[in-house]
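The values are calculated or read from the model by the stated rules, or taken from the named source; none is laboratory data. Just so we're clear, the structure is a prediction, and the values are computed from it rather than from any experiment. Here the Cβ is made from the backbone with ideal geometry for all residues, glycine too, and neighbour counts use every protein chain on show. Just the protein is used for accessible areas: all its heavy atoms, side chains included, with ligands, DNA and RNA removed. Shrake-Rupley method; radii C 1.70, N 1.55, O 1.52, S 1.80 Å.
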Amino acid sequence: DAGITQSPRHKVTETGTPVTLRCHQTENHRYMYWYRQDPGHGLRLIHYSYGVKDTDKGEVSDGYSVSRSKTEDFLLTLESATSSQTSVYFCAISGVVGGATEAFFGQGTRLTVV
Amino acid sequence: GENVEQHPSTLSVQEGDSAVIKCTYSDSASNYFPWYKQELGKRPQLIIDIRSNVGEKKDQRIAVTLNKTAKHFSLHITETQPEDSAVYFCAANEAAGNKLTFGGGTRVLVKP
């Protein structure tokens with residue numbers, strides 16, 4: 001498997017509390033992404049990063065912030081968790097290796113906001 | 001930026017029949033088109049990809065075709081089996097920076 005790990009894998013938190021999810025890669029890929037996936041929905045892009053300290057919003061960015069202080073780490077923060085943010089969160093990475101693009105997903109984080 | 005549309009959103013086929021999923025993309029400079037399979041409760045996994053210098057690629061029962069002129073690519077699964085039941089995602093890169101954009105997904109159900 002590609003070197004991408006998410007932590008934690010499962011989390012239950014209370015409404016109004018801050019939550020940070022971590023994505024760590026060992027592939028040195030340029031791009032990192034955070035998606036959420038809800039039942040009946042596909043992958044919806046929250047934020048992505050194209051380099052250290054370079055990030056941009058996706059289609060469902062409200063209520064989320066991100067940071068990338070190192071190539072290998074991409075953090076997703078819910079400043080004040082709400083029940084609507086209960087979801088499965090996937091991190092992904094993409095980059096070019098030997099002239100060819102490759103992309104992989106992390107194992108996912110199941111977040112429940114109660 | 002890149003826009004990827006995927007159809008159909010759900011597909012039900014009889015075991016042994018073929019399944020075809022189609023995607024269109026907007027960035028004419030895109031040159032990498034992967035397909036992912038996501039089984040229930042698991043992460044999306046790369047199953048096949050195609051680059052713009054070829055028109056078709058096969059791997060056992062799955063194949064992908066690419067039409068760069070029309071800006072669409074398709075996933076073909078032949079002799080479908082129950083284990084092919086999953087959600088399939090297509091994607092395309094933005095050639096300028098290699099950022100990937102995903103389609104909305106297709107839920108495939110293979111009926112025994």
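Structural remarks
- Between the listed residues B:Thr24, B:Thr78, B:Val64, the Cα displaced farthest toward the positive end of the dipole of chain B, a dipole computed from Cβ unit charges relative to the Cα centre, is found at B:Thr24.
- Listed residues A:Thr109, A:Ile46, A:Phe90: farthest to the positive end of the dipole of chain A (Cβ charges): A:Thr109
- With 10 Å bins from 0: P(r) over chain A, alpha-carbon pairs, percent: 15, 50, 29, 6, 1
- Ordered by solvent-accessible area of protein heavy atoms (1.4 Å probe), largest first, the residues A:Asp73, A:Asp54 come out as A:Asp54, A:Asp73.
- Leading residue at positive end of dipole, the protein assembly as shown (Cβ point charges), from B:Asn93, A:Leu78, B:Gly103: A:Leu78
- Shape call, the protein assembly as shown: gyration tensor on alpha carbons, a/c limit 1.5: oblate
- If you wrap chain B in the convex hull of its Cα atoms and look at it from every side, the mean projected area works out to 6.5 nm².
- With the simple spin-label model, which puts each label point 7 Å out from Cα in the Cβ direction, the B:Leu46 to A:Ser67 separation comes to 3.1 nm.
- Computed magnitude of the charge dipole of segment B:30-112 (debye, nearest 20; Cβ of K, R +1, Cβ of D, E -1): 160
- Cross-link reach list, lysines versus B:Lys57, counting only Cα pairs under 20 Å and skipping chain neighbours closer than eight places: B:Lys22, B:Lys37, B:Lys68, B:Lys71
- Net length gained if the chain between B:Leu109 and B:Arg61 were fully extended (0.36 nm per residue, minus Cα distance): 15.7 nm
- Within 10 Å of each Cβ in A:4-17, the average number of Cβ atoms from other chains: 0
- If only the Cβ of Lys and Arg carry +1 and only the Cβ of Asp and Glu carry -1, the dipole of chain A around its Cα centre is close to 140 debye.
- Estimated dipole of the protein assembly as shown in Debye, rounded to 20 [Cβ of Lys and Arg +1, of Asp and Glu -1, Cα centre]: 160
- Each part gets one Cα centre, and for segment B:1-53 versus segment A:51-95 those centres are 24 Å apart.
- At most 15 other Cβ within 10 Å, DSSP loop - trypsin sites (Lys or Arg not before Pro), segment A:1-46: A:Arg9
- Restriction of the GluC sites (Glu not before Pro) in segment B:64-110 to DSSP coil positions whose beta-carbon has at most 12 other beta-carbons within 10 angstrom yields B:Glu79.
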